[in-house]
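Read the figures in this text as sums done on the coordinates, not as results from a lab. Because the structure is predicted, anything quoted here is derived from the model rather than measured. Please note: Cβ atoms are built from the backbone with ideal geometry, for glycine as well, and neighbour counts cover all protein chains shown.
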Amino acid sequence: MTHNLTLTAPPTAPHTLAANSISRIMLTVAATLAPATLYGFWLYGWPSIFLWVITVLAALFGEALCIKLAGRSVVSALSDGSALLTGWLLAISLPPWAPWWIGVLGGLFATILAKQVFGGLGFNLFNPAMVGRVFLLISFPVQMTVWVAPLPITAASAPGFHDGLLIAAHGIPSMDAVSSATLLGFAKTELSRGIDLLHSLAGTNAPGIVLSGARSGSMGETASLLILAGGMVLIFLRIISWHIPAALLAGLALPAAIAHGIDPTRYLDASSHLFSGGAMLGAFFIATDYVTSPNSRIGQLVFGAGCGFLTFVIRTWGGYPEGMAFAVLLMNAMTPVIDRYIRPRILGRDWRGAPLDPATQKGKS
Amino acid sequence: MGLIEKFLHNLKAPRWGVHPDDHKRPAADAPLRELPLPKRLYIPLQQHVGQPARPIVLVGQTVLKGQLIAEAQGNISAPVHASASGRVVSIGEVTAPHPSGLPLVAIGIEPDGLDTTAELTIPADPFALSPAELTRLVAAAGVVGLGGATFPSSVKLALGKRSEVTTLIVNGGECEPYLSCDDRVMRDFAASVIDGVRLMLHAMGAREALVGIEDNKPEAIAAMKRASATFPEIKVRPVPARYPMGSDRQLIVTLTGKEVPSDCRAADVGVIVNNVSTANAVHRAIRLGEPLIRRIVTVNGGAVWQPGNILAPIGTLASDLLAFAGLKSEPARIVMGGPMMGAVLPHAKVPIVKGTSGILAFNEDEIAAPEAGACIRCGTCTSACPMGLLPLEMAAQIRAGSLNGAEALGLADCIACGCCAYVCPSHIPLVQYFSHAKGELSEQSRSRLRNEATKRLAAERVVRLEREAIEKAEAAARRKAERAAQKAAEAAKSATESKETEAAE
């Protein structure tokens, strides 16, 4: 129908357009992710670089395959940058030393099953990167929960290019040597062993929040500050609005702070929640995905708060130590409902859509 | 603009709308030029909202400048006057200033170059006149809203008086990029504009006038402040440069905080909006006795050699204006009005009318529009919409064929300002969707009315036929009864007659 309209009708206003495009948006988002990613490369070395490349290529390949099958132009579809971003977001949410096939399966799953099957860009209900991650986590819980302590690429013991390839191909050689728990994972395991947080976190092996990011986790988890900075840039550039990130972080931090205040032996404090488990990545880069989030400002606040709160609930009482991906997917499912019930107010109408009363308006001055 | 300045600007700006590159300068700064009298003028009979005017001249007749050549018909209409003295050479169809290129009846005048002016009636002191009398003079001068809506000004003044409007808002927003005709009017004729504002205040019985001018026109703001300094009832209020600030509902809420309810007119909340150029036209009509026969037109765009503002008689062909300003290259698109809401002209042999604010000749680069992509639900259109609508949702409904769904989302409140289509990163022609849907819906409601009328007539016919059948049957029965009675009477009569005859015999 759109084509008919443009072909038969004479050109209509507006006759001028803003210099904006989907690829410009996607590439800007990618650029703001770059510092955190590069820092992650430095922290986790060659295996993480290979995993990133493999995951991104798999996502691009999955997208290209579907576009080709649909008989559309592959080049123009890939150049919108959305598949690149999906692969990128998935890659930095994975354990940095995960084997190659994790990246391949996740990337393909994300673009083919979570996005193209629904009709491609703009039609998917769920965030493709998070669908990919959750699929991997459920299918391959072992590989998806093996984390390594950072081993900067320049360190003598860090795997070189060749060893990096081997790790990417076969997985981590001797797991005990390098594996380490994330803060959330560690806290959960110790609690299940009956050791309360005051004792477990005071222990010598306990992971803490290291704002420099030098701790185990995914690339998007440990470099929280760089992710936060990238998110602020996106808000400043008006590519995302502040509503979802602010509501999400508040929705996570407030219940965490209350619970921690009530019982610090059982509940982690708010800052541990905010700087762990990809909370920042989720708040600024995942939950803000245009396609799968509500389109009114108030709807976005509800959506963000829901993501944050569900993350807290899943992390605290759920079976998995991390909850961001699940929380985002659950709220994605709520998006159509939120959009149906929360709409912006139309000028000259009240919130329910009824025309305003002229008498009250006349009285204003 | 530096980053920090831009940030501060963003903080001050309203939440709605867009801030396109305004492209107003250098055209706005070029001194006003007057177009030499063209060889031929085509003055359309319909240059306003309402009924077209009725011609009262004949082909071959000589007319004077300012002479009435077509009179208003009906309650909402405006008369048309000769823009130059000369001979009426045709009364026939010309191409309408509309993308359809449909014909429009216009009076063709061949100017004689003498500019002999019709006799003028100028009231000695217009403020001594009654508001009704002043409004009548404005009506007789054919003044209509020059901001583009072309609503007859006298009707608005009378409405203002009737609705006891307190505030006149004078629209100097001129938010459309490229256009600067209102800017020029305010800079060059500030005193006339202010006088026109005072006359309108008198005609409406309004207390105060707020002149809203976008802050990207500092020269106009300064000129208007100077001109209004001695009139405390007139306040010049700079407003943030933000498209569509010149739209009445947006300007009203920015200046007064009043929201016009969606089913009401501005007058219902005590406000009337008039354009600065309209105020100037009112001044000329009352003080100089000059009907609306000329206006300032911005000629601008990448294909124009000397962009600027040109004072031209109504009925001048766009091609004459473009030839006067000169063309650098063959225009890729000619638009009447601004780039955000203006109409594409099928060609340049189209007359300018009272509502023509600009003739824009764009080159290929300016109108380059990338192919439309998929909606990524980014919501940029939602933030840009000055009415608080959800353009992306309305478009999705229309694409799915659910016009009623779009209507439920507030399609009727859409003012077609073009903000959504302007900002869309997927370049989806949203306004086109909405115009299409609005057209379909009004067609549907028309055909619904038609169907209802047909149904009513059909039902009435059935009732009528039934009634007629009953009446026929009753009449037949009556006739039968009458006949029978007559027969019986005749029989009785003949019986008595025969008896009588028998008896007589």
Across peptide B:385-393, what mean number of C-beta atoms from other chains lies inside 10 Å of a residue's C-beta?
-> 4
Relative contact order of chain B, pairs being alpha-carbon contacts under 8 Å that are 6 or more residues apart, as % = 16 percent
Per-residue [θ]222 nm for chain B (sum of -39500 (n - 2.57) over DSSP H runs n ≥ 4, rounded to 500) | -12500 deg cm²/dmol
Mind checking A:345-357 for the average number of partner chain beta-carbons within 10 Å of each residue's beta-carbon?
-> 6
May I ask for the angle, rounded to the nearest 10°, between helix A:82-91 and the longest principal axis of chain A, with both axes built from Cα atoms and the value confined to 0 to 90°?
-> 30 degrees
Listed peptides B:436-446, B:99-109, A:293-303 by packing density, highest first (mean Cβ within 10 Å) | A:293-303, B:99-109, B:436-446
Charge dipole magnitude, Cβ of K and R +1, D and E -1 - the protein assembly as shown, Cα centre, debye nearest 20 | 760 debye
Spatially proximal lysines relative to B:Lys225 (Cα-Cα < 17 Å; intrachain offsets below 8 disregarded) | B:Lys217, B:Lys235
Among A:Ser180, B:Ser154, B:Ser192, which comes first, second and so on when ranked by fewest other beta-carbon atoms within 10 Å?
-> A:Ser180, B:Ser192, B:Ser154
Rg and Dmax [Cα atoms of the stretch A:1-151; Å; Rg one decimal, Dmax integer] = 17.9, 63
With -39,500 (n - 2.57) per DSSP H segment of 4 or more residues and division by the full residue count of chain A, the 222 nm estimate, nearest 500 deg cm²/dmol, is -17500 deg cm²/dmol
What percent of all Cα-Cα pairs in chain B falls in each 10 Å bin, counting up from 0?
-> 4, 16, 25, 23, 13, 5, 3, 3, 3, 3, 2, 1, 0, 0
Calculate, axis by axis, the spread of Cα positions in the stretch B:1-132 along the three principal axes, and write the results as whole Å, longest axis first.
-> 65, 45, 33
Return the distance in nm (one decimal) between the two label points of a simple spin-label model at A:Phe161 and B:Thr116, each offset 7 Å from Cα along Cα→Cβ.
-> 9.6 nm
Starting from the Cα of A:Lys68, draw a straight line to each of the lysines and keep only those under 29 Å, dropping any in the same chain fewer than 8 residues away.
-> A:Lys115
For the stretch B:343-377 and the stretch A:299-362, what is the separation of their Cα centres, given in Å?
-> 39 Å
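Do me a favour and compute the ellipsoid semi-axes for the stretch B:185-241 from its Cα gyration tensor, root of five times each eigenvalue, largest one first, whole Å.
Details: eigenvalues 73, 30, 16 Å².
Value: 19, 12, 9 Å, ordered largest first.
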Kindly rank B:398-406, A:328-336, A:107-115 from highest to lowest mean number of other beta carbons found within 10 Å of each residue.
-> A:107-115, A:328-336, B:398-406
The stretch B:205-266 versus the stretch B:118-149: alpha-carbon centroid distance in Å = 23 Å
Near B:Gly212, within a Cβ-to-Cβ distance under 12 Å, what is the net charge of the other residues, with Lys and Arg +1 and Asp and Glu -1?
-> -1
Rounding to the nearest 20 debye, state how big the charge dipole of chain B is about its Cα centre with +1 on each Lys and Arg Cβ and -1 on each Asp and Glu Cβ.
-> 340 debye
When you count, for each residue, the other Cβ atoms within 10 Å and take the mean per peptide, how do A:192-201, B:320-329, B:76-85 rank with the highest first?
-> B:76-85, B:320-329, A:192-201
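Would you order A:Val104, B:Val282 from fewest to most other beta-carbon atoms within 10 Å of each residue's own beta-carbon? Kindly include the intermediate steps, with their values, before the conclusion.
On the way: A:Val104 17, B:Val282 30.
Listed from fewest to most nearby Cβ atoms, that is A:Val104, B:Val282.
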If you wrap a convex hull around the Cα atoms of the protein assembly as shown, how much volume per residue is inside, in Å³?
-> 294 Å³
Placed amide H near B:Gly108: partners under 5 Å, 5+ positions off or other chain = B:Ile43, B:Val89, B:Ser90, B:Ile91, B:Gly92
Provide the net charge surrounding A:Leu65, with neighbours chosen by a C-beta distance below 13 Å and charges set as Lys +1, Arg +1, Asp -1, Glu -1.
-> +2
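Extension gain A:Leu65-A:Arg352, at 0.36 nm per residue separation less the Cα-Cα distance, in nm? Display every interim value, and only then the final one.
Values: separation 287, 0.36 × 287 = 103.32 nm, distance 4.54 nm.
So the extension gain works out to 98.8 nm.
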With point charges of +1 on the Cβ of Lys and Arg and -1 on the Cβ of Asp and Glu, referenced to the Cα centre of the stretch B:278-361, which listed residue (B:Gln306, B:Leu288, B:Val344) lies farthest in the positive direction of the dipole?
-> B:Leu288
Filtering chain B for DSSP H helices with an axial alpha carbon extent of at least 20 Å and a Kyte-Doolittle mean of at least -1.0 returns B:190-204, B:430-504
Would you tally the net charge around A:Trp317, using a Cβ to Cβ cut-off of less than 15 Å, leaving A:Trp317 out, and scoring K and R as +1, D and E as -1?
-> +1
Return the average number of partner chain Cβ atoms within 10 angstrom of each residue Cβ along peptide A:122-131.
-> 1
What share of all Cα pairs of the stretch A:24-341, in percent, falls into each consecutive 10 Å distance bin?
-> 6, 28, 36, 22, 6, 1, 0
Under a straight-distance cross-link criterion of Cα-Cα below 16 Å, which aspartates and glutamates are reachable from B:Lys24, leaving out those fewer than 8 residues away in the same chain?
-> B:Glu174, B:Glu176, B:Asp182, B:Asp183, B:Glu214, B:Asp215, B:Glu219, B:Glu366
